[in-house]
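Below is one structure; the comments refer to it alone.
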Amino acid sequence: MKDIKAVIIDDEQDGRSVLNTLITKNCSWIKVVALCDSASSGQKAIESFKPDLVFLDIEMPFGNGFSMLEKFTTIDFEVIFVTAYSHYAIKAIKFSALDYIMKPIDEKELVAAINKFSQQTSKMNNERVSLFMKNIKTDVSGGFKQIALPTREGYIFVSLDDIIRCEGDGNYTAFIFLNGEKVLVSKTLKEFESTLSDFNFVRVHKSHLINLKHVKKYIRGEGGTVFMVDNSEIEVSRRNKEDFLKLFS
């Protein structure tokens, strides 16, 4: 595995030190070329060292991680956000197919995030960052409108309203769209349930997550059956039936 250049940007000295130590201990192929204590010094380090990977603290005085990213006309490095809070920011990160680790940093989570980055075939692109910046500025009540889905070829950017349902199969999830297209993503249905649950998507079965906007009718039964606008028939499990029906009561 070739060496990967990384920059750490965190206003807290302990945060920089702990992260650097954990990277050195667990991932010898990651070469940390700069430790930066602000968004401005981080921007200069990125421009100077041209890193492959940036560990970016979300909240910093005198300019946060988001505003720093906006200053780059071309983003050719991957970002792993580091954060201690902000549920809404994490939603925006997930919707943009970006990655994050929580503070205090868990060693296993850090290694998993780095391994995920190392196995990627496509580099960071401006579209993902643009979607992230759009989402992070969106009023919480308005909700997000788009999600980035990682595929073998790269990423596709889709409107939430265009998704009829998601079907899980082990470590993969198939997205079925209004236009009849089907896209396979190498993430579990549980991960997408966590991401989409606040946006009218409901788990009705261990293998099915549906968009309530595209439900055509429901037929009662032991669990029942949901008919979607594309005429697909989705079984509702007995376990999920009560919670599903409560949404319409």
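Points worth noting:
- Taken over the range 70-97, residues that are hydrophobic (A, V, I, L, M, F, W, C), within 14 Å of residue 135 (Cβ to Cβ) and touching a residue at least 40 places away in the same chain (Cβ under 8 Å) amount to 4.
- Out of 131, 149, sole residue that is modelled with pLDDT of 90 or more, under 22 Å from residue 53 (Cα atoms) and not acidic (Asp, Glu): 149
- Qualifying positions in the range 5-64 - over 15 Å from residue 76 (Cα atoms) and of a type in the set (Phe, Trp, Tyr): 29, 62
- Restricting attention to the range 199-249, the residues being assigned to a loop (DSSP other than H, G, I, E, B), within 22 Å of residue 172 (Cα to Cα) and either within 23 Å of the chain's Cα centre (by Cα) or β-branched (Val, Ile, Thr) (or both) number 5.
- Qualifying residue in the range 28-46 (condition: on the phi > 0 side of the Ramachandran plot and either surrounded by fewer than 17 Cβ atoms within 10 Å (Cβ to Cβ) or in a helix (DSSP H, G or I) (or both)): no
- Among (1) assigned by TED's automatic domain parsing to the domain that holds residue 238; (2) of a type in the set (A, V, I, L, M); (3) under 22 Å from residue 90 (Cα atoms) - the single one residue 147 does not satisfy: (1)
The values are calculated or read from the model by the stated rules, or taken from the named source; none is laboratory data. Small disclaimer: the values here were computed from a predicted structure and weren't measured. Note that each Cβ is placed from the backbone with ideal geometry, even for glycine, and that neighbours are counted across all protein chains shown.
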